[in-house]
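These notes concern the structure reproduced below.
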Amino acid sequence: SEHVQVELIYQKFMDAVVKTYLFEPYILKEYKSRWYVIGMETGSGKLKTFSLDRVESVTETGVKFKMSVKFDSAKYFEHSLGITVTDDAPEKIELEFSSEMAPYVLTQNLHPTQKMLRSDNESLLISLDLIVTFEVINTILSFGENVKVLKPEHLKEKVKRTLSECLNSYD
């Protein structure tokens, strides 16, 4: 099938500058009730993700392109929790959940890479193979006191620092 390059005018949430991109759209993906388009930025050859609600306009350029045969969306998001993919290598993340949270986590996997390492009356220990992104951190934080990061150390420290900053904001 034929694909057509687009000119995309886009503004990030935290950026006053509106930017124009020449873009080859590949796929649409939904995450947390927000839609995204993933594709190749013409010229740079870099895969980019744009949130559709931040796109100000889309215009077909008339330039046709062939979708990269190398692009495999399942493989691209294999170690991603959500929409963010970086060049960082996936890491083994170990999370310990309270016994109250265990049934929820066991019946609704956080990610396809989830493995149960231990389950008893006290807690549930799982591992995930993920790229550490803000979505991973936000997911962990959403479990509040019912989860503890065991590995990797830098993620444990980041979550601990974030919780400390949250507490300090109530002083």
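The values are calculated or read from the model by the stated rules, or taken from the named source; none is laboratory data. Nothing here was measured: the structure is a model prediction, and the numbers come from that model. Note: ideal-geometry Cβ built from the backbone for every residue, glycine included; neighbour counts use all protein chains shown. Protein only, heavy atoms only, side chains kept; ligands, DNA and RNA dropped before computing areas. Shrake-Rupley method; radii C 1.70, N 1.55, O 1.52, S 1.80 Å.
Quick notes on this structure:
- Some residue of the stretch 106-120 being among the hydrophobic types (A, V, I, L, M, F, W, C) and touching a residue at least 40 places away in the same chain (Cβ under 8 Å): no
- Residues located in the stretch 5-31, provided they are under 19 Å from Glu56 (Cβ atoms) and β-branched (Val, Ile, Thr): Val6, Ile9, Val17, Val18, Thr20
- Lone unmet requirement of (1) in a strand (DSSP E or B); (2) open to solvent by 50 Å² or more (accessible area, probe 1.4 Å) for Val6: (2)
- Taking the stretch 130-171 as the range and being open to solvent by 30 Å² or more (accessible area, probe 1.4 Å), of a type in the set (Asp, Glu) and either part of a helix (DSSP H, G or I) or in contact with a strand residue (DSSP E or B) (Cβ under 6 Å, 6 or more places away or on another chain) (or both) as the test, the residues that pass are Glu145, Glu153, Glu157, Glu165.
- Wholly within the stretch 32-120, strands (runs of 3 or more DSSP E) carrying at least 1 residues that are open to solvent by less than 70 Å² (accessible area, probe 1.4 Å) and touching a strand residue (DSSP E or B) at 6+ places or on another chain (Cβ under 6 Å): 34-41, 47-51, 55-65, 91-98
- Residue among Lys46, Lys12, Lys66 that is basic (Lys, Arg) and either under 14 Å from the mean Cα position of the chain (by Cα) or farther than 30 Å from Thr139 by Cα (or both): Lys66
- Condition check for Lys19: of a type in the set (Lys, Arg), open to solvent by less than 80 Å² (accessible area, probe 1.4 Å) and in contact with a Phe, Trp or Tyr (Cβ under 8 Å, 6 or more places away or on another chain): no
- With respect to the conditions (1) more than 19 Å from Phe97 (Cα to Cα); (2) assigned to a strand (DSSP E or B); (3) among the polar types (S, T, N, Q), Ser127 falls short on a single one, namely (1).
- Members of the stretch 130-157 found to be without any contact (Cβ under 8 Å) to a residue 24 or more places away in the chain and over 16 Å from Phe97 (Cα atoms), listed by number: Glu153, His154, Glu157
- Just one residue in the set Lys92, Lys64 is out of contact with any Phe, Trp or Tyr (no Cβ under 8 Å at 6 or more places or on another chain) and at pLDDT below 95; that residue is Lys64.
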